[in-house]
Amino acid sequence: MLSNASALKITGCTDTGLSRDLNEDYIGYDSNSGIAVLADGMGGHQAGEIASKMAVDVVLNQLKSLLNAQTSRAITGSQMLGFVSNTISSSNRKIYEASEASSARNGMGTTVVAAVIRDSRLYAGHVGDSRLYLLRNRKLKRITKDHSLVQDLVDKGFYTEDEARDASINHVVTRALGTSEDVKVDILQQQIRQNDLFLLCSDGLSDMISDAMIEQVLARPNASLDKIANRLVGLANHYGGKDNISVILIKVESLQND
């Protein structure tokens, strides 16, 4: 449970899309604990589906256990970031070991993005190209940077962000869970405000519709979170649905510790 919690509403949905036979994305969240986790699996027959489910289950359950064990004591920001990083690293080891133990699962991997809201901050960790966005005052900001070949080329000036969405190498990730025994986890924290809206999504959304379109949908007045989530998935399918599509939305409805 959250200590001095902010009031949150969380919803999510996942869709196979129009081009894939299998949904290898997986999502999980717990509104009471303020945790959301999303993963996009890859590799082999159904192996990606296994990897993404393992990532979400391990991170979500371990974070819940850690927070429940800490309810009577204060947790610092650095401790929270450590919790997030350690649970993602733990999931990496479990996926890697499962991959090594079965030839059918050999080489499986997954992206992951995880977020925890506690008190007046969001703590997040990610590996791969699944993203975390923040909508504040009707303006969208991406607060993670993809671990992908095309992002590396954007950083070096070979592509603009708009050009990168159409690049043929757009799906080559440079970091993923399960592909090696150890993985570097990027972590961050973000001060939250009342009415902030966070979006976790797989690249099946961000490759199909632009950040400007995402902003437009998230900023719709009086729309419920479920309608917003379904609208995002519907647009991704409308513009091609070339991959599995997953979204989780976290709305900060009130802050008890302003």
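The values are calculated or read from the model by the stated rules, or taken from the named source; none is laboratory data. A quick note: this is a predicted structure, and the numbers were derived from the prediction, not measured. So basically every Cβ, Gly included, is an ideal-geometry build from the backbone, and we count neighbours across all protein chains shown.
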Answer yes or no: is there a residue in segment 157-167 that is touching a Leu at 6+ places or on another chain (Cβ under 7 Å), free of Cβ contacts under 8 Å to residues at least 12 places away in the same chain and either in a loop (DSSP other than H, G, I, E, B) or surrounded by 16 or more Cβ atoms within 10 Å (Cβ to Cβ) (or both).
yes
Only one of L63, L67 that is in contact with a Phe, Trp or Tyr (Cβ under 7 Å, 6 or more places away or on another chain) and over 15 Å from S130 (Cα atoms):
L63
G28 at pLDDT 95 or above, under 16 Å from the mean Cα position of the chain (by Cα) and under 18 Å from L122 (Cα atoms)
yes
Number of the exception - L149 against (1) surrounded by fewer than 18 Cβ atoms within 10 Å (Cβ to Cβ); (2) within 24 Å of L63 (Cα to Cα)
(2)
Give the residues of segment 213-237 that are free of Cβ contacts under 8 Å to residues at least 12 places away in the same chain and at negative phi, sorted by residue number.
Q216, R220, P221, A223, S224, K227, G234
Does R193 meet the test of being more than 22 Å from S19 (Cα to Cα) and surrounded by fewer than 18 Cβ atoms within 10 Å (Cβ to Cβ)?
yes
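Yes or no, residue by residue, for (1) β-branched (V, I, T); (2) closer than 27 Å to K242 by Cβ:
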position: T14; (1), (2): yes, yes
position: R20; (1), (2): no, yes
position: S31; (1), (2): no, no
position: S65; (1), (2): no, no
Output the number of residues of segment 1-21 satisfying the condition of being among the acidic types (D, E) and modelled with pLDDT of 95 or more.
1
Given the criteria without any contact (Cβ under 8 Å) to a residue 24 or more places away in the chain, under 17 Å from V116 (Cα atoms), in contact with a strand residue (DSSP E or B) (Cβ under 6 Å, 6 or more places away or on another chain) and surrounded by fewer than 19 Cβ atoms within 10 Å (Cβ to Cβ), does S31 qualify?
yes
Note down all Cβ pairs under 7 Å where the first residue falls in segment 97-119 and is under 19 Å from T87 (Cα atoms), the second is among the acidic types (D, E) and buried (at least 24 other Cβ atoms within 10 Å of the Cβ), and they're at least six residues apart or on different chains.
T110/D40; T111/D40; T111/D129
For T160, are the conditions met, namely being within 22 Å of M42 (Cα to Cα) and of a type in the set (S, T, Y)?
no
Restricting segment 219-247 to residues that are touching a helix residue (DSSP H, G or I) at 6+ places or on another chain (Cβ under 8 Å) and either β-branched (V, I, T) or in a helix (DSSP H, G or I) (or both), the residue that is nearest to V56 (Cα to Cα):
V247
Quick check on my filter: what residues within segment 34-60 are in contact with a strand residue (DSSP E or B) (Cβ under 6 Å, 6 or more places away or on another chain) and in a loop (DSSP other than H, G, I, E, B)?
G34, G43
Applying the selection to segment 67-101, what residues are more than 16 Å from L188 (Cα to Cα), surrounded by fewer than 19 Cβ atoms within 10 Å (Cβ to Cβ), of a type outside the set (D, E, K, R) and within 20 Å of the chain's Cα centre (by Cα)?
S90
